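Here's the structure, in structure tokens; my notes come after.
The values are calculated or read from the model by the stated rules, or taken from the named source; none is laboratory data. Predicted model only: the values in this text are computed from it and were never measured. As a convention, Cβ positions derive from the backbone with ideal geometry for all residues, glycine included, and neighbour counts pool all protein chains shown.
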Amino acid sequence: MCDYQKVKTSKLVFKGEKRKTKEKKHKKSKRHKKEDKEKQKRDEEIAQDTKSHGGWWKATKIEEFKGTIAIEMGKHVYVCAMDNGMFTLGAPRPEGDGPDLPEQLTCVVVSDSKIALKTGFGKYLSVDRQNLIVGVSDAISIKEQWEPVFQEDKLALMAPNGCFVSCNSEGDLVATSRSAGSEEIIQIRSISEKPPDKKDDDTPVEEKNVLNMKECEVNYVKKFQSWQDQKLRLSEEDANRLDKAKTDGLLHEALLDRRSKMKSDRYCM
């Protein structure tokens, strides 16, 4: 009896019935666990930083420089616009408070690398002949375009005169330094809704910017055709079927089938 007990038993499986196998649980590697912990830690730090600034979050790329923003120079100290068109630094804000109204600017993204800034008085920022930053312009020209410069998670703002923004000993906002040191490092904070992260677009080139599925089919025929005379051979079947195939996730199979019937695909001769 002892010998019989050593034999492993299993559930009886009838002919034609598939044996069920236990799904293997994929354990996260130590590297993935470490990455998850680091991400969680970063998210917590960002949330705490945003909370300490009254809901104003730190913008880290030019795509986020939209809507209402504030320029932070020093901890909880913001650039402040005055009614005479000049700028200075406001008083330090309490922990948990955001910038005051005179410290809030409207940011307009002009290009992939340039922005324009407008005060609450409706004037755009520029630089005068004494390299003082002023808000006196009614419209955006080259003199009102600013360039955020990122390096090693740090940000400096280059003025239209090619110098970086800082505050002088008199408390005026100026653009006098050709290089960005500790005095020129700033933070851009926003209260607008944060844009979602862009995901990599893996759409094939043949399917981008097409008006209809017939045009998409032409692109694939051009790519895979095997005719030496280089003349297009298109299927005469209704192209509307391709719309349903795309909805069902079978577009490539349907296109391949149409090309194979025309014997025009180099992979289905």
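Looking only at segment 247-265, residues that are assigned to a helix (DSSP H, G or I), under 19 Å from Lys223 (Cα atoms) and not small (Gly, Ala, Ser) come to 9 in all. Among the residues here, Ile191 qualifies as under 23 Å from Gly98 (Cβ atoms) and modelled with pLDDT of 90 or more.
Applying the set (1) surrounded by 14 or more Cβ atoms within 10 Å (Cβ to Cβ); (2) within 26 Å of the chain's Cα centre (by Cα); (3) within 19 Å of Cys107 (Cα to Cα) to Asp49 leaves exactly one unmet item: (3). Residues that are among the basic types (Lys, Arg) and over 17 Å from the mean Cα position of the chain (by Cα) were ranked within segment 52-95; the one that is surrounded by the fewest Cβ atoms within 10 Å (Cβ to Cβ) is Lys75. Listed by position, the strands (runs of 3 or more DSSP E) contained in segment 72-146 that have at least 2 residues being of a type in the set (Val, Ile, Thr) and assigned by TED's automatic domain parsing to the domain that holds Cys167 are 105-109, 133-137.
Of all the listed residues (Cys216, Cys268), the sole one being modelled with pLDDT under 75 and among the hydrophobic types (A, V, I, L, M, F, W, C) is Cys268.
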